[in-house]
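J.: Structure incoming, see below.
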Amino acid sequence: MPPWTGTIRIAEEFALVHAVPGDARAHRHYCHQIVRAPRGTVSARIGERWLRESVLAIGSQCEHALQAGDAPCFMLFAEPMSFDLAELREAMTHAPAEPEALLRAAAACRRPHPVDPRVSECLQRIDGMLADKIPAASLAAGVQLSLSQLERLFGAQLNLSIRRLILWRRLRLAAAEALRERNLTLAAHAAGFTDSAHLSRAFRQFFGVRGVDLVRGMRLQA
């Protein structure tokens, strides 16, 4: 199967990929995803159904796998804390099929959901500690909650456990670092992964592709 090849633009809480879809195993990730074919359709298995449409909307943590193709398409990845899937699909459907227009359309959809101040404080602490170990118990103590109370709060407000949220934030940082530095080892260390193999396994789990394929085939655009 062909590799992924294309470009990626990173904005606040979302990223826009313009690429020829390559090989990817079934996977699920925390972000919402919109896939748009500038011409024709794209095919994907979403949940248990195969769909072929010009625009596909894939919700947070929904298992899916895109079918490899020979024409580039646009893929928007957006944080569910700040974007509504249906609104994103509508915006990405009607915006002109060119990167700057799609970026503007996505940015206009950003509506951060209010979260408990204790969750917000933990998220800020997590983002400042991604290169180091992050004991969940210390996060809980920092906001005067027990670990079980904080886990329930994360589950209710973010639909993720603390451990999975930390992994997602690390992976998000590592992807940006890998694209900037063209080096998985540097990206792994910057984001708190043990080594490049650990990071590559996480890429495969969340995105269905190896980290090395991201570095080889994708280019970061300003």
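The values are calculated or read from the model by the stated rules, or taken from the named source; none is laboratory data. Remember, it's a predicted structure, so these values are computed and weren't measured experimentally. Neighbour counts are summed over all protein chains in view; Cβ atoms, including those assigned to glycine, are modelled from backbone coordinates with ideal geometry.
J.: Step by step: first the residues of the stretch 38-67, then only those that are among the basic types (Lys, Arg) and free of Cβ contacts under 8 Å to residues at least 24 places away in the same chain, then the one that is farthest from residue 4 (Cα to Cα). Which residue is that?
T.: Looking at residues that are among the basic types (Lys, Arg) and free of Cβ contacts under 8 Å to residues at least 24 places away in the same chain, I get 49.
J.: So, one more: Just name the residue that is modelled with the highest pLDDT out of those in the stretch 1-23 that are assigned to a loop (DSSP other than H, G, I, E, B) and either in contact with a Phe, Trp or Tyr (Cβ under 7 Å, 6 or more places away or on another chain) or under 14 Å from residue 71 (Cβ atoms) (or both).
T.: Restricting to residues being assigned to a loop (DSSP other than H, G, I, E, B) and either in contact with a Phe, Trp or Tyr (Cβ under 7 Å, 6 or more places away or on another chain) or under 14 Å from residue 71 (Cβ atoms) (or both), the top hit is 21.
J.: I'm told residue 74 meets every condition in (1) out of contact with any Leu (no Cβ under 8 Å at 6 or more places or on another chain); (2) touching a residue at least 12 places away in the same chain (Cβ under 8 Å) except one. Can you identify the failing condition by its number?
T.: Condition not satisfied by residue 74: (1).
J.: Let me ask another. Which one of these does residue 65 not meet: (1) at pLDDT below 95; (2) exposed (fewer than 15 other Cβ atoms within 10 Å of the Cβ); (3) not in a loop (DSSP other than H, G, I, E, B)?
T.: (2)
J.: Quick check on the stretch 24-40: of everything there that is surrounded by 15 or more Cβ atoms within 10 Å (Cβ to Cβ) and either in contact with a Lys or Arg (Cβ under 7 Å, 6 or more places away or on another chain) or of a type in the set (D, E, K, R) (or both), which residue is nearest to residue 64 (Cα to Cα)?
T.: In this case the residue turns out to be 28.
J.: Further question: Considering every residue within the stretch 193-202, establish whether at least one is of a type in the set (Lys, Arg), surrounded by fewer than 18 Cβ atoms within 10 Å (Cβ to Cβ) and at positive phi.
T.: No, the stretch 193-202 has no match at all.
J.: Does residue 199 satisfy being assigned to a helix (DSSP H, G or I) and within 18 Å of residue 25 (Cβ to Cβ)?
T.: yes
J.: Additional query: List the helices (runs of 4 or more DSSP H) that sit entirely inside the stretch 147-192 and contain at least 2 residues that are under 30 Å from residue 217 (Cα atoms) and without any contact (Cβ under 8 Å) to a residue 40 or more places away in the chain.
T.: The qualifying helices (runs of 4 or more DSSP H) are 162-181, 184-190.
J.: Working only within the stretch 110-137, note down all residues that are more than 30 Å from residue 199 (Cβ to Cβ) and either in contact (Cβ under 8 Å) with a residue 40 or more places away in the chain or surrounded by 13 or more Cβ atoms within 10 Å (Cβ to Cβ) (or both).
T.: The answer is 116, and nothing else.
J.: Additional query: Only one of these conditions is not met by residue 103: (1) within 19 Å of residue 80 (Cβ to Cβ); (2) assigned to a loop (DSSP other than H, G, I, E, B). Which number is it?
T.: It fails just one condition, (2).
J.: Got a sec? Which of 171, 147, 139 is assigned by TED's automatic domain parsing to the domain that holds residue 206 and at pLDDT below 95?
T.: Unique residue meeting the criteria: 171.
J.: Please work out if residue 72 is within 30 Å of residue 140 (Cα to Cα) and of a type outside the set (Lys, Arg).
T.: Here the answer is no, as residue 72 does not meet what is asked.
J.: Moving on to the next point. Of the residues 125, 111, which is in a loop (DSSP other than H, G, I, E, B), of a type in the set (Lys, Arg) and within 26 Å of residue 167 (Cα to Cα)?
T.: 111
J.: Give the residue, chosen from 11, 19, 37, 26, that is of a type in the set (Gly, Ala, Ser), in the same structural domain as residue 90 (by TED's automatic domain parsing), under 19 Å from residue 168 (Cβ atoms) and in contact with a strand residue (DSSP E or B) (Cβ under 6 Å, 6 or more places away or on another chain).
T.: 26
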